[in-house]
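The values are calculated or read from the model by the stated rules, or taken from the named source; none is laboratory data. Predicted, not measured: the structure shown is a model, and the values here were computed from it. Note that we place each Cβ from the backbone using ideal geometry, even for glycine, and neighbour counts take in every protein chain shown.
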Amino acid sequence: MGRSIYSVHPGVAMVQRAIAKLPAKTGRTLEEWIALIKKRGVSDIRATRDWLKREHRLGTNYATWLAERAAGKSEDGDPDKYLEMAERYVDEMFSGAKTALRPIYDALLKFALAIGKDVKACPCKTIVPLYRNRVFAQIKPATRSRIDLGLSLGDIKTPKRVIETGGLKKNDRITHRIEIRSHADIDGEMTRWLLKAYQLDEQT
């Protein structure tokens, strides 16, 4: 596909590694496992997972992933397919009642990608995480009139506008957020805190 402004999510590489390790860890390739599951004819993911654990001694992670994969409901490790889905995720996030937020999102994303050559945007279904080494920020259409710019700032003291999310206590990466309601909110103060989150990720 053509060049995308988005980058492949790290989870795709994890799937590729898991597929490569399957024969050594389980004695079968991915294709062999899928054929075995389909031959058994179980379509329920939970039942398939439990059967794989019970009859084939697979761990929960592998059993769940294989059951979901056989049902066509898991990431397949194809970077091009992910990038196609990434575009779709964003289109769906900013559709319907949230359509008016799309120009603000586009401007915010453009700015975020410009703060460093190593910044990567890797959309999921409901958020667009921004990576350096790890997630240092995320863009989320929170309501029909507001985008939340989530930031990984740890326990740094922040002004009132930079709202604590409670993430630090929950051991989440995102600990603060800034509300973006218009292009005017993409301002100098927002810039400083986004840059701070980016710089902190270099130290982790």
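Just give me the residues in segment 167-204 being among the acidic types (Asp, Glu) and touching a helix residue (DSSP H, G or I) at 6+ places or on another chain (Cβ under 9 Å), in sequence order. Let's see the steps before the verdict.
Of all residues in segment 167-204, those among the acidic types (Asp, Glu) come to 172, 179, 185, 187, 189, 201-202.
GLU179, ASP185 - these are the residues of segment 167-204 that are among the acidic types (Asp, Glu) and touching a helix residue (DSSP H, G or I) at 6+ places or on another chain (Cβ under 9 Å).
Is it fair to say ALA100 is in contact (Cβ under 8 Å) with a residue 24 or more places away in the chain, over 19 Å from the mean Cα position of the chain (by Cα) and more than 30 Å from ALA35 (Cβ to Cβ)? Reasoning before the result, please.
Numbers: in contact (Cβ under 8 Å) with a residue 24 or more places away in the chain: yes; over 19 Å from the mean Cα position of the chain (by Cα): yes; more than 30 Å from ALA35 (Cβ to Cβ): yes.
For ALA100, the condition - in contact (Cβ under 8 Å) with a residue 24 or more places away in the chain, over 19 Å from the mean Cα position of the chain (by Cα) and more than 30 Å from ALA35 (Cβ to Cβ) - is met.
So if I check each of THR64, THR48, which one is touching a residue at least 12 places away in the same chain (Cβ under 8 Å), β-branched (Val, Ile, Thr) and either in the same structural domain as ASP118 (by TED's automatic domain parsing) or more than 22 Å from CYS124 (Cβ to Cβ) (or both)? Let's see the steps before the verdict.
Details: THR64 fails: either in the same structural domain as ASP118 (by TED's automatic domain parsing) or more than 22 Å from CYS124 (Cβ to Cβ) (or both).
Every option except THR48 fails the conditions.
Closer than 30 Å to LEU109 by Cβ, modelled with pLDDT of 80 or more and aromatic (Phe, Trp, Tyr): does that describe TYR6?
Values: closer than 30 Å to LEU109 by Cβ: yes; modelled with pLDDT of 80 or more: yes; aromatic (Phe, Trp, Tyr): yes.
Yes.
Of all residues in segment 77-97, which are hydroxyl-bearing (Ser, Thr, Tyr) and either closer than 18 Å to VAL12 by Cβ or touching a strand residue (DSSP E or B) at 6+ places or on another chain (Cβ under 7 Å) (or both)?
Keep residues of segment 77-97 that are hydroxyl-bearing (Ser, Thr, Tyr), which gives 82, 89, 95.
Scanning segment 77-97 gives TYR82, TYR89.
Residues ARG40, ARG49, ARG57: which one is closer than 19 Å to GLY72 by Cβ and either of a type in the set (Val, Ile, Thr) or out of contact with any helix residue (DSSP H, G or I) (no Cβ under 6 Å at 6 or more places or on another chain) (or both)? So that I can check it myself, show each step before the final result.
On the way: ARG49 fails: either of a type in the set (Val, Ile, Thr) or out of contact with any helix residue (DSSP H, G or I) (no Cβ under 6 Å at 6 or more places or on another chain) (or both); ARG57 fails: closer than 19 Å to GLY72 by Cβ.
Step by step, each of ARG40, ARG49, ARG57 is checked, and only ARG40 is closer than 19 Å to GLY72 by Cβ and either of a type in the set (Val, Ile, Thr) or out of contact with any helix residue (DSSP H, G or I) (no Cβ under 6 Å at 6 or more places or on another chain) (or both).
Could you figure out which of (1) part of a loop (DSSP other than H, G, I, E, B); (2) out of contact with any Leu (no Cβ under 8 Å at 6 or more places or on another chain); (3) under 24 Å from GLN138 (Cα atoms) isn't true of ILE115?
(2)
Considering ALA142, ALA114, ALA100, ALA107, which residue is of a type outside the set (Phe, Trp, Tyr), assigned by TED's automatic domain parsing to the domain that holds LYS196 and touching a strand residue (DSSP E or B) at 6+ places or on another chain (Cβ under 7 Å)? Working first, answer last.
Details: ALA114 fails: touching a strand residue (DSSP E or B) at 6+ places or on another chain (Cβ under 7 Å); ALA100 fails: touching a strand residue (DSSP E or B) at 6+ places or on another chain (Cβ under 7 Å); ALA107 fails: touching a strand residue (DSSP E or B) at 6+ places or on another chain (Cβ under 7 Å).
Of ALA142, ALA114, ALA100, ALA107, the one residue that is of a type outside the set (Phe, Trp, Tyr), assigned by TED's automatic domain parsing to the domain that holds LYS196 and touching a strand residue (DSSP E or B) at 6+ places or on another chain (Cβ under 7 Å) is ALA142.
Do the conditions hold for TRP65, that is, is it farther than 28 Å from VAL135 by Cβ and either at pLDDT below 90 or among the aromatic types (Phe, Trp, Tyr) (or both)?
Working: farther than 28 Å from VAL135 by Cβ: no; either at pLDDT below 90 or among the aromatic types (Phe, Trp, Tyr) (or both): yes.
When the stated conditions are applied, TRP65 does not pass them.
Mind telling me which of the residues LEU58, LEU83 ends up being assigned to a loop (DSSP other than H, G, I, E, B) and crowded, with 16+ Cβ neighbours inside 10 Å?
Numbers: LEU83 fails: assigned to a loop (DSSP other than H, G, I, E, B).
When all the criteria are applied, what remains is LEU58.
Kindly indicate the residue of segment 33-55 that is among the acidic types (Asp, Glu) and within 29 Å of the chain's Cα centre (by Cα) and also surrounded by the fewest Cβ atoms within 10 Å (Cβ to Cβ) among those meeting that condition. Can you show your working first?
Filtering segment 33-55 down to residues among the acidic types (Asp, Glu) leaves 44, 50, 55.
Then keep just the ones that are within 29 Å of the chain's Cα centre (by Cα); that gives 44, 50.
On the way: ASP44: 11, ASP50: 16.
Only one residue fits best here, namely ASP44.
Could you say whether any residue in segment 110-131 is crowded, with 17+ Cβ neighbours inside 10 Å and more than 23 Å from GLY11 (Cα to Cα)?
Within segment 110-131, one or more residues are crowded, with 17+ Cβ neighbours inside 10 Å and more than 23 Å from GLY11 (Cα to Cα).
Answer yes or no: is there a residue in segment 118-135 that is farther than 23 Å from MET93 by Cβ, assigned to a loop (DSSP other than H, G, I, E, B) and either without any contact (Cβ under 8 Å) to a residue 12 or more places away in the chain or out of contact with any Leu (no Cβ under 6 Å at 6 or more places or on another chain) (or both). If you could, list the steps in order and put the result at the bottom.
Going residue by residue through segment 118-135, those that are farther than 23 Å from MET93 by Cβ are 118, 133.
Checking the rest, the ones that are also assigned to a loop (DSSP other than H, G, I, E, B) come to 118, 133.
With either without any contact (Cβ under 8 Å) to a residue 12 or more places away in the chain or out of contact with any Leu (no Cβ under 6 Å at 6 or more places or on another chain) (or both) added as a condition, the list becomes 118, 133.
Yes, because at least one residue in segment 118-135 is farther than 23 Å from MET93 by Cβ, assigned to a loop (DSSP other than H, G, I, E, B) and either without any contact (Cβ under 8 Å) to a residue 12 or more places away in the chain or out of contact with any Leu (no Cβ under 6 Å at 6 or more places or on another chain) (or both).
From the list LEU153, LEU195, LEU168, pick out the single residue that is surrounded by fewer than 18 Cβ atoms within 10 Å (Cβ to Cβ), assigned to a loop (DSSP other than H, G, I, E, B) and of a type in the set (A, V, I, L, M, F, W, C).
On the way: LEU153 fails: surrounded by fewer than 18 Cβ atoms within 10 Å (Cβ to Cβ); LEU195 fails: assigned to a loop (DSSP other than H, G, I, E, B).
Just a single option satisfies the conditions, and that option is LEU168.
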